[in-house]
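First up is the structure itself, then whatever we jot down about it.
The values are calculated or read from the model by the stated rules, or taken from the named source; none is laboratory data. Everything quoted here is computed from the prediction, not taken from an experiment. Here the Cβ positions follow ideal geometry from the backbone for every residue, glycine too, while neighbour counts run over all protein chains shown. Calculation scope for accessible area: heavy atoms of the full protein, side chains included, ligands and nucleic acids excluded. Shrake-Rupley method; radii C 1.70, N 1.55, O 1.52, S 1.80 Å.
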Amino acid sequence: MSTPETLRVIRDEHHALSAMLHSLQSLIRKGPASEPKRFFDTLRAMLFYIDEFPERLHHPKESELLFPRVASKVPATAGAIARLEQDHMRGEAAVRQLQHLLLAWELLGDGRKQALVDAFGQYAAFYREHMQLEESEILPAAEKSLTPQDWAELDAAFSANRDPLTGRYPADGVYEELFKRIVRDTPPPIGLGG
Ligand SMILES: [Fe+2]
Ligand SMILES: [Fe+2]
């Protein structure tokens, strides 16, 4: 059987999120230089993206559709899945906290920068470990154990995500302006700016 669409979508979205974390981390370390308005606008747009795509589309589909199927067919994945579920529950609050720290830096000045640098470093490490655990334990277990019927249902759900930062889909509708801005103002590997 060829690689299921679901696995391709999950790996692509992980790749896009890794690139986003990398670009965000280098921007945050560099700071605003002479263009604070553009700098803070860009960071806000990037954190907003993480909240809209990975947090609201990617994780819920893993938790609701993929993990329960894998857990019932491969009981040995229970420990990893429990940890990944905890991570998913923490993720949204963690982005909110970063948004708050960014606002503090913007409104209260450089004295609040280090708090964001530290929190973002922890967040990026947390996410990289999370994606690594999914790719090393859950996706291979799914590939071995799920049936064509399971894949048909999963593929229908995951292929609807259409995250433009994977490079496979145009940004459409309400997201068009957001993605244009992110690509224009963000350093590589995500964008052209910086
Ligand atoms: Fe996940
Ligand atoms: Fe994931």
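Below is a table of values for the structure above.
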quantity: Reciprocal mean inverse distance between Cα atoms of the range 46-102 - Kirkwood radius, Å; calculated: 12.2 Å
quantity: Residue among Leu84, Leu7, Gly167 farthest towards the positive dipole end of the chain, charges placed on Cβ; calculated: Gly167
quantity: Average accessible surface area per residue within the chain, 1.4 Å rolling probe, Å²; calculated: 50 Å²
quantity: Highest-MSF residue in the chain out of Gln114, Gln122, Gln149 [GNM, Cα springs under 10 Å]; calculated: Gln149
quantity: Two-decimal ratio, the range 1-75, of alpha-carbon radius of gyration to 2.2 N^0.38 Å; calculated: 1.48
quantity: Sulfur and carbon atoms: percent of accessible area, the chain [1.4 Å]; calculated: 55 percent
quantity: Per residue convex hull volume, Cα atoms of the range 18-115, in Å³; calculated: 101 Å³
quantity: Intensity falloff of the chain expressed as log10 I(q)/I(0), Debye formula with alpha-carbon point scatterers, at q = 0.10, 0.11, 0.13 Å⁻¹; calculated: -0.44, -0.53, -0.71
quantity: Distance (nanometres) between label positions extended 7 Å along Cα→Cβ at Ser2 and Phe40; calculated: 4.9 nm
quantity: Degrees separating the helix 5-30 axis from the principal Cα axis of the chain, which is the longest one; calculated: 20 degrees
quantity: Cα-centre dipole for the range 38-194 with unit charges at Cβ (Lys and Arg positive, Asp and Glu negative), debye to 20; calculated: 280 debye
quantity: Exposure ranking of Glu35, Glu135, Glu52 by accessible area [1.4 Å probe, largest first]; calculated: Glu35, Glu135, Glu52
quantity: In degrees, nearest ten, helix 36-52 long axis to first principal axis of the chain (Cα); calculated: 10 degrees
quantity: Chain lengthening between Leu103 and Gln122 when straightened (0.36 nm per residue, less Cα-Cα); calculated: 5.0 nm
quantity: 17 Å tail of the calculated P(r), the range 97-141, as % of Cα pairs; calculated: 47 percent
quantity: Folded to 0 to 90 degrees: helix 148-158 orientation relative to the chain principal axis, Cα; calculated: 20 degrees
